[in-house]
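Undergrad: Below is one structure. I have some questions about it.
Nothing in this text is a laboratory measurement; each read-out follows from the coordinates by a stated rule. Quantities reported herein were computed from a predicted structural model and do not represent experimental measurements. Positions of Cβ are backbone-derived with ideal geometry, glycine not excepted, and every protein chain shown enters the neighbour counts.
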Amino acid sequence: MKRTYEPREDSFFLLDSVKEPITGRLLEMGVGRGFILLNLMKKNALDEGFGTDIDIDALIETENSSNGCLLNLVLCDCASAFRASSFDVVVFNPPYLIGHWKEDRTIFGKRGGTWIPYVMLQDAIRLIKPSHNVFFILSSESEVKELFDLAKGAGEIEELHRKRFFFEELIVYRFTRLTD
């Protein structure tokens, strides 16, 4: 049975942490039910948004929640369907918990909780225009060294906000791509 990700504390926290105005092309990778994408579009008065997911049911749910917003939804892994430097802002709430991915692919990030976030950040770095941003969230329990190593040379990662939820702290990061 396929399961889409219900917006939870991490979705609300990530949404609230993206405070700077968004203009241009916005992409949410792993759009789930579209909660973050649709709310960022509304908050920033964007006419159009882009979302990807590996689950067709998630894309259908996002489309059904669109309330007339112009959405470009693509069934693909991360954002492999898009050209490099195509977006002004990329956002993602990846599966980041340490656990068995086959058990629940909406929350478990495989090896150390960061294998899926690593792949998503790698694609986001390719997609983002120079001097633009990627916003994402991880758990304090996740092993983030590989993600920070990936970003070296391509841009800078900074911690924006940190908040305790239950057994972990959630951390919202901003990656800014270096200019070419």
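Undergrad: Looking at M41, S17, G30, which one has the Cα that reaches farthest to the positive end of the dipole of segment 1-50 (charges on Cβ: Lys, Arg +1; Asp, Glu -1)?
TA: Final value for the positive-end residue is G30.
Undergrad: To continue, here is another question. Using a simple spin-label model with points 7 Å from Cα along the Cα→Cβ vector, what separation in nm is obtained for E141 and D57?
TA: Going by the 7 Å Cα→Cβ label model, 2.4 nm.
Undergrad: Which pairs in the list K42/K145; K43/K129; K129/K152; K129/K163 are over 27 Å apart, alpha-carbon to alpha-carbon? Write down the numbers at each step before the final one.
TA: Values: K42/K145 34 Å; K43/K129 22 Å; K129/K152 16 Å; K129/K163 29 Å.
Distance filter (> 27 Å) returns K42/K145; K129/K163.
Undergrad: Turning to a different aspect of this structure: Calculated from DSSP H runs of 4 or more alone, at -39500 (n - 2.57) each and per residue, what is the 222 nm mean residue ellipticity of the chain, nearest 500? Mind dumping the intermediate values first?
TA: Numbers: 5 runs with 47 residues, N = 180.
Value at 222 nm, helices only, nearest 500: -7500 deg cm²/dmol.
Undergrad: Can you tell me the relative contact order of the chain? Whole percent, Cα pairs under 8 Å, sequence separation 6 or more. Walk me through the numbers before you get to the answer.
TA: Details: 395 pairs, mean separation 34.0, N = 180.
Relative contact order comes out at 19 percent.
Undergrad: Please compute, for the alpha-carbon atoms of the chain, the extent along each of the three principal axes and give them in descending order in Å.
TA: Result, largest extent first: 44, 39, 28 Å.
Undergrad: Another question, then. Taking 0.36 nm per intervening residue step and subtracting the Cα-Cα distance, what contour gain separates D77 from E156 on full extension?
TA: Details: separation 79, 0.36 × 79 = 28.44 nm, distance 2.42 nm.
That works out to 26.0 nm of additional length.
Undergrad: Let's test the formula: R0 of 45 Å, r as the Cβ-Cβ distance of E48 and F167. What FRET efficiency results, to the nearest 0.05?
TA: It comes out at approximately 0.70.
Undergrad: Among 52-65, 116-129, how do they line up by average Cβ neighbours within 10 Å per residue, starting with the highest?
TA: Working: 52-65: 17.6, 116-129: 21.9.
Going by the mean number of other Cβ atoms within 10 Å, highest first, we get 116-129, 52-65.
Undergrad: Would you mind working out the magnitude of the charge dipole of segment 1-87 relative to its Cα centre, with +1 at each Lys and Arg C-beta and -1 at each Asp and Glu C-beta, to the nearest 20 Debye?
TA: Details: 9 positive and 14 negative charges, 32 e Å.
So the dipole magnitude of segment 1-87 works out to roughly 160 debye.
Undergrad: I've got another one for you. Quick one: length gained pulling T23 to S65 fully straight, 0.36 nm per residue minus the C-alpha distance?
TA: Working: separation 42, 0.36 × 42 = 15.12 nm, distance 2.20 nm.
12.9 nm is the gain from fully extending T23 to S65.
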